[in-house]
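The values are calculated or read from the model by the stated rules, or taken from the named source; none is laboratory data. These numbers come from a predicted model, not from an experiment. Cβ atoms come from the backbone with ideal geometry, glycine included; neighbour counts cover every protein chain shown. Keep in mind that these areas ignore ligands, DNA and RNA; they rest on the heavy atoms of the full protein, side chains included. Shrake-Rupley method; radii C 1.70, N 1.55, O 1.52, S 1.80 Å.
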Amino acid sequence: MDIYNFTTREKEILKLLVNGYDNAEMSKKLAVSLHTVKAHICNILQKLDAKDRTQAAIKALNFFN
C-alpha cells in the first residue's frame, strides 16, 4: 500500500472502510468531523483510482492480503 503514499490517517480510514464502518462510525471512532472523514475518503478513492467505496475496499483487500 506504500506505493499510494497514504497518510497514517488515510490508512486508518481505509482499514475501517474495509471493515464495514460508515462515515459516521469512522468519525466517532477517530474523533474527527464527518467532513474530515469524507475528505480522507475522497483522497483514498483518487489514490486507488476507485469509483466508489466498494471498489476501494476490494483493491485494499487485495493489497492487505
Q. If we keep just the residues of segment 13-26 that are open to solvent by less than 70 Å² (accessible area, probe 1.4 Å) and part of a helix (DSSP H, G or I), which is nearest to L48 (Cα to Cα)?
A. L14
Q | Selection from segment 33-52 of residues that are closer than 19 Å to F63 by Cβ and among the aliphatic types (A, V, I, L, M) | A | I41, I44, L45, L48, A50
Q.
Just to check your reading of the model, which residue among K47, K29 is surrounded by 16 or more Cβ atoms within 10 Å (Cβ to Cβ) and part of a helix (DSSP H, G or I)?
A. K47
